[in-house]
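Chemist: Here's a structure for you.
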Amino acid sequence: MTVGSNVKSCVASIRSIEATLETMMHQNANPEAKKAFSSANEMVRQIKKDLEQQVIRLANEEPQYK
Amino acid sequence: MPDWIRIVLNSAVLVVVLFFLTKWLGKKQLSQLNIFEYITGIVLGGIVAIHSSTLDYPLLYGLLAMFVWFIIPLGIEFLSLKSKKVRDFTQGKSTVMIQNGKIMEDNLKKERYTADDLLENLRSRNIFQVSDVEFAVLEPTGVINVLPKKASQPLTAKDLNIKLAPKKEPQTVIIDGKVMHEGLANMSLNLNWLETELEKQQASIENVFLGQVDSDGQLTLDLYDDKLTVPAPIEKQLLLATMKKAQADLELFALSTKNEMSKQLYEKNSKKMKKVIQLTETYLQ
């Protein structure tokens, strides 16, 4: 596997984390946990954004593996 | 009137009267009765027994005696509710038996407690050595309550500085294959949600004996058919594991890249992921 595809699969799992965190946030009845999940969700969203840009950059660097 | 009818009538009247008297005297459990309440109970019972089985005395005498035995304890109870002094006198005060790890011999003597009695009571509390006890007190009910020394107390999460997520009471949402709407409403969930969850666990509602939702919104089921296994909810463990894996991946990318800018980006996000894990870990266990 190339670096690009490695990072891509990592982004995919981060997307799944984001989605699960969001469901947990809505399901949980405890306000403290809700707050923790929502701020975690926000941070994960930032990570996802960073990495998605990185994926584009890597695709430009290794166009043959696109 | 033949005697047997009078006996039946007397007994019926007395049963009803006794029922109401004991109800008004309160609902303390037998073991919590103090000596005075205990005697009152016995005397009331005795009066009823005599008057419901013999006809030597008129029923009115019995009712009168019962009334007196009812009104005086009630009055004393009322007074002891109002005044601490009366309470100490009628219900007794607790006596300190062990303080700062030292046995109070004078108090022991006052309560006519021998060392053997004390040891026996401590043993029933699973304490076999007096030096493990910080404080012990003999309650008016005759029970000894013990505070062990800090080192002999069981470990708690507080001692270990572990932060635990608060757990609310779970709600029962299915009993005998029927949906409990009240439980669902208490968790602010609806039927749609329940149907999807059941589908996820591949169970039909008729086959569910009991279903409960915990405060994290996880549904656990017990089926009639015990041969079928229901998957236990693993969503939380899975999420934690995925987050840990993503964090490790990011760290690995940071180590393997030679591009300085990418390295920084991976490191920054790996640290962020670590923070996310720390933030949510307590709620995912």
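Chemist: Assuming a ≥ b ≥ c are the square roots of the Cα gyration tensor eigenvalues, decide whether the range B:71-221 counts as rounded (a/c under 1.5), prolate (otherwise, with a/b larger than b/c) or oblate. Walk me through the intermediate numbers first.
Modeler: On the way: a/c = 3.58, a/b = 2.02, b/c = 1.77.
Note, shape of the range B:71-221 comes out prolate.
Chemist: According to the Kirkwood expression over distinct Cα-Cα pairs, how big is the hydrodynamic radius of the protein assembly as shown, in Å?
Modeler: Numbers: mean 1/r = 0.0355 Å⁻¹.
Taking the inverse mean of 1/r over all distinct Cα pairs, the protein assembly as shown comes out at 28.2 Å.
Chemist: Shifting gears a bit: Run down the aspartates and glutamates and flag those whose C-alpha is under 17 Å from the C-alpha of B:Lys149, throwing out any fewer than 8 positions away in its chain.
Modeler: Reachable aspartates and glutamates: B:Asp132, B:Glu134, B:Asp159.
Chemist: Find the centroid of the Cα atoms in the range B:149-164 and in the range B:30-85, then give the distance between the two in whole Å.
Modeler: Between the Cα centres of the range B:149-164 and the range B:30-85 lies a distance of 48 Å.
Chemist: In terms of the Cα gyration tensor, with a ≥ b ≥ c the square roots of its eigenvalues, is chain B rounded because a/c is under 1.5, prolate because a/b exceeds b/c, or oblate? Walk me through the numbers on the way to the answer.
Modeler: Values: a/c = 3.91, a/b = 1.77, b/c = 2.21.
The shape class here is oblate.
Chemist: Could you give the dipole magnitude of the range B:85-140 about its Cα centre, charging the beta-carbon of Lys and Arg +1 and that of Asp and Glu -1, in debye to the nearest 20? If you can, show how the numbers build up before the last one.
Modeler: On the way: 9 positive and 10 negative charges, 53 e Å.
The calculation lands at about 260 debye.
Chemist: Sticking with this structure for a sec: Quick check for me: using +1 on Lys/Arg Cβ and -1 on Asp/Glu Cβ, what's the dipole size of chain B about its Cα centre, in debye to the nearest 20?
Modeler: 1300
Chemist: Quick one: putting +1 on the C-beta of Lys and Arg, -1 on the C-beta of Asp and Glu, what dipole do you get for the range B:171-232 around its Cα centre, in Debye to the nearest 20?
Modeler: Details: 3 positive and 11 negative charges, 9 e Å.
Roughly 40 debye for the range B:171-232.
Chemist: Give the aspartates and glutamates whose C-alpha is closer than 20 Å to that of B:Lys245, dropping any in the same chain fewer than 8 places away, or say none.
Modeler: Straight-line reach from B:Lys245, under 20 Å: A:Glu18, A:Glu22, A:Glu42, A:Asp50, A:Glu52, B:Glu235, B:Glu267, B:Glu281.
Chemist: Check every DSSP H run in chain B and write down those whose alpha carbon atoms cover 30 angstrom or more along the long axis and whose mean Kyte-Doolittle hydropathy is 1.0 or greater.
Modeler: On the way: long enough: B:3-24 (31 Å, 1.54); B:59-82 (35 Å, 1.82); B:235-256 (31 Å, 0.18); B:260-281 (31 Å, -1.27).
Sorted by number, the helices that extend far enough and score high enough are B:3-24, B:59-82.
Chemist: Helix A:3-27 versus the longest principal axis of chain A: what is the Cα-based angle in degrees, 0 to 90, to the nearest 10?
Modeler: Tilt of helix A:3-27: around 10 degrees.
Chemist: Along the charge dipole of the protein assembly as shown, Cβ charges K/R +1 and D/E -1, which of B:Leu223, B:Leu44, A:Gln53 sits furthest on the positive end?
Modeler: In the protein assembly as shown, that residue is A:Gln53.
Chemist: Which of A:Met24, B:Ala185, B:Leu64 sits farthest toward the positive end of the charge dipole of the protein assembly as shown, with +1 on the Cβ of Lys and Arg and -1 on the Cβ of Asp and Glu?
Modeler: A:Met24
Chemist: Cα-based count: Lys pairs in chain A below 26 Å, eight or more positions apart or different chains?
Modeler: The number of close lysine pairs in chain A is 9.
Chemist: Let me know the shape class of the range B:172-285, please: from the alpha-carbon gyration tensor, a ≥ b ≥ c as square roots of the eigenvalues, rounded when a/c is under 1.5, otherwise prolate if a/b is greater than b/c, or oblate. Don't skip to the end; give the middle numbers.
Modeler: Numbers: a/c = 4.16, a/b = 2.85, b/c = 1.46.
Prolate.
Chemist: In whole angstrom, how far apart do the alpha carbon centroids of the range A:1-40 and the range B:89-148 sit?
Modeler: 56
Chemist: Among B:Arg123, A:Arg45, which comes first, second and so on when ranked by fewest other beta-carbon atoms within 10 Å? Numbers along the way, then the final one.
Modeler: Values: B:Arg123 10, A:Arg45 15.
Going from least to most buried by this count: B:Arg123, A:Arg45.
Chemist: Okay, moving on. Along the Cα→Cβ direction, 7 angstrom out, place labels at B:Ala185 and B:Gln99. What is the inter-label distance in nm?
Modeler: Output for this residue pair reads 5.5 nm.
Chemist: Separate question: Considering Cα pairs under 8 angstrom that are at least six residues apart, work out the relative contact order of chain B and quote it in whole percent. Provide the component values of the computation, followed by the final result.
Modeler: Details: 271 pairs, mean separation 28.2, N = 285.
Dividing the mean separation by the residue count of chain B yields 10 percent.
Chemist: Working from Cα positions, state the angle (0 to 90°, nearest 10) between the long axis of helix A:31-61 and the longest principal axis of chain A.
Modeler: So the inclination is approximately 10 degrees.
Chemist: Which entries in B:Lys200/B:Lys244; B:Lys85/B:Lys150; B:Lys200/B:Lys227 show an alpha-carbon gap greater than 28 Å?
Modeler: Details: B:Lys200/B:Lys244 25 Å; B:Lys85/B:Lys150 34 Å; B:Lys200/B:Lys227 18 Å.
Cα-Cα > 28 Å for B:Lys85/B:Lys150; rest within.
Chemist: Quote the FRET efficiency, to the nearest 0.05, computed for B:Phe135 versus B:Ile277 with a Förster distance R0 of 35 Å and r equal to the Cβ-Cβ distance.
Modeler: Details: r = 43 Å, r/R0 = 1.22.
After rounding to 0.05, the efficiency reads 0.25.
Chemist: Convert each backbone phi in the range B:98-103 into a coupling constant with the Karplus relation 6.51 cos²θ - 1.76 cosθ + 1.60 (shift: θ = phi - 60°), then list the ³J(HN,Hα) values in order as whole Hz, x for Gly and Pro.
Modeler: 9, 9, 6, x, 10, 6
Quick note: the coordinates plus some simple rules give every number you see, no bench work behind them. None of these values were measured; they are calculated from a predicted model. A quick note on method: Cβ atoms are made from the backbone with ideal geometry, for glycine too, and the neighbour counts reach across all protein chains shown.
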